[in-house]
Amino acid sequence: MRALFVTVDGGGNLPPQLGIAHEVVRRGGTARLGHEPQRHAVEAAGFPFTPVRDGIAYDAAAPRSTLAR
C-alpha cells in the first residue's frame, strides 16, 4: 500500500495524519507527506517529504485580516 497525505498547516491536522502514516508503514506500506511549513515535523517523524507544488502557498502564522483567511 502506498499513501499520500496532503495536509495544510492549519492547526492540528498533522499529528493524527502522522499517526495514520505510522500505521500504514507498520503494515508494510509507504507514506509521503508534504506541505512546506510542516517539512521539519514530517522529516523529524521519519517520513520522506514531498512538497505540494500546486496551489497557493499558505502560512498559517502570517498576519492577515479575518476576511483574507
Output for the stretch 27-37, where each listed residue is part of a loop (DSSP other than H, G, I, E, B) and either of a type in the set (Ser, Thr, Tyr) or under 8 Å from the mean Cα position of the chain (by Cα) (or both) = Gly34, His35
Out of the stretch 4-26, which residues are among the acidic types (Asp, Glu) and assigned to a helix (DSSP H, G or I)?
-> Glu23
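Okay, residues lined up against (1) out of contact with any His (no Cβ under 8 Å at 6 or more places or on another chain); (2) of a type outside the set (A, V, I, L, M); (3) surrounded by 10 or more Cβ atoms within 10 Å (Cβ to Cβ); (4) modelled with pLDDT under 75:
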site: Thr7; (1), (2), (3), (4): no, yes, yes, no
site: Leu14; (1), (2), (3), (4): yes, no, yes, no
site: Val25; (1), (2), (3), (4): yes, no, yes, no
site: Gly29; (1), (2), (3), (4): yes, yes, yes, no
site: Arg39; (1), (2), (3), (4): yes, yes, yes, no
site: Val42; (1), (2), (3), (4): yes, no, yes, no
site: Phe49; (1), (2), (3), (4): yes, yes, yes, no
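The values are calculated or read from the model by the stated rules, or taken from the named source; none is laboratory data. Nothing here was measured: the structure is a model prediction, and the numbers come from that model. A quick note on method: Cβ atoms are made from the backbone with ideal geometry, for glycine too, and the neighbour counts reach across all protein chains shown.
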